[in-house]
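Read through the structure below, which is laid out as structure tokens, and then see the notes.
Any read-out appearing in this document is the output of simple, stated calculations on the displayed coordinates, not a laboratory observation. Just so we're clear, the structure is a prediction, and the values are computed from it rather than from any experiment. Virtual Cβ from ideal backbone geometry, glycine too; neighbours counted across all protein chains shown.
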Amino acid sequence: MFDLKGKTALVTGGNGGIGLGIARGLARAGAHIIVAARNEEKSAAAVEDLRALGAEAFAVRVDVNDEPSVEDMIGAAIRQCGRIDILVNNAGMNIRKPAQDLLLAEWRQVLDTNLTSAFLCARGVYPHMKRTGSGKIINIGSMLSIFGGSHLPAYGASKGGLVQLTKSLAVAWAIDHIQVNAVLPGWIDTDLTRLARRKDPTLHERILARTPAGKWGDIDDLAGVAVFLASAASDFITGAAIPVDGGYSALG
Ligand code: NDP
């Protein structure tokens, strides 16, 4: 039910952090992995990591903000593997500023990277998934898909929008046997949150105190839900947004 042998997974931002944790999970379940990101050195290291798990893996350079670059990425994946069964829209970034200080260019950069990219990648893989008769799209949201944050206006808007995009694609493409779901990670120890903790020294302890599980998440904590949403086990689940947060969103 959870076997991904013979499947190809394209993971944006798969060269580190949550994307690499997800790629490792999919690789262990048997999928062939395409790591898509900008930093080629990091991507080469991720490919080595995945091959060491026994998976077939290769890297494609992409800037998900750039439409031609996304099209090239999908073309390269199809040339290499012939199919894309699983798309993980994970690439993301953040600019921490209150709305009154945020420049329009910064707003656009966050929205483009976190939200518009998911639309571009999903639209790009759709004809290939339709041709093979099935597909799985997993969008990586956030606790900011649910909650507000005083220094996160663009990030919150992008991650809230990603859940609504997930639902719209799920409704449109269910008939094509393409399931589209979102995962909402809680606070996970990655480069992104290390930067946030450097900027806000109280953040680490506040998250520990607010998370019922009493710990920050690890990148491998996202692997199980990704395998589930990428596999036949979730074939009747579409349009869902699943928190993976140690209970963070359940606490009133
Ligand atoms: P990282 O900063 O560790 O990873 C971000 C990834 O996105 C990198 O692999 C980076 O690769 C890639 N990326 C960024 N911009 C682009 C771009 N323009 N084109 C292609 N790839 C890009 O962060 P996380 O692992 O923490 O975050 C991954 C996702 O999870 C993000 O969407 C984030 O919002 C989300 N998330 C993270 C949480 C956390 O606590 N860490 C909590 C909730 C959600 P490269 O630089 O090589 O391009």
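Screening the range 157-199 for residues that are of a type in the set (Val, Ile, Thr), closer than 26 Å to residue 84 by Cβ and outside any strand (DSSP E or B) and picking the one that is farthest from the chain's Cα centre (by Cα) gives 175. Every condition in (1) among the β-branched types (Val, Ile, Thr); (2) within 15 Å of the ligand (Cβ to nearest atom); (3) assigned to a loop (DSSP other than H, G, I, E, B) is met by residue 84 except one, and the failing one is (2). Can you tell me how many residues in the range 34-57 are more than 15 Å from the ligand (Cβ to nearest atom) and among the hydrophobic types (A, V, I, L, M, F, W, C)? Within the range 34-57, residues that are more than 15 Å from the ligand (Cβ to nearest atom) and among the hydrophobic types (A, V, I, L, M, F, W, C) number 3. In the range 92-143, what residues are touching a Pro at 6+ places or on another chain (Cβ under 7 Å) and more than 9 Å from the ligand (Cβ to nearest atom)? Within the range 92-143, 99, 102 meet the criteria.
Within the range 224-238, which residues are buried (at least 17 other Cβ atoms within 10 Å of the Cβ) and not polar (S, T, N, Q)? 225, 226, 227, 228, 229, 230, listed by residue number. The set of residues in the range 29-41 being under 18 Å from the mean Cα position of the chain (by Cα) and surrounded by 17 or more Cβ atoms within 10 Å (Cβ to Cβ) consists of 29, 31, 32, 33, 34, 35, 36, 37. Annotation: residue 89 fulfils all but one of (1) within 16 Å of the ligand (Cβ to nearest atom); (2) surrounded by fewer than 16 Cβ atoms within 10 Å (Cβ to Cβ); (3) within 19 Å of residue 136 (Cα to Cα); (4) not hydrophobic (A, V, I, L, M, F, W, C); the unmet one is (2). Looking across 59, 118, 77, one residue alone is over 20 Å from residue 165 (Cβ atoms), part of a helix (DSSP H, G or I) and within 18 Å of the chain's Cα centre (by Cα). It is 77.
Considering each residue of the range 24-33 in turn, at least one proves to be within 14 Å of the ligand (Cβ to nearest atom), within 20 Å of residue 135 (Cα to Cα) and touching a strand residue (DSSP E or B) at 6+ places or on another chain (Cβ under 6 Å).
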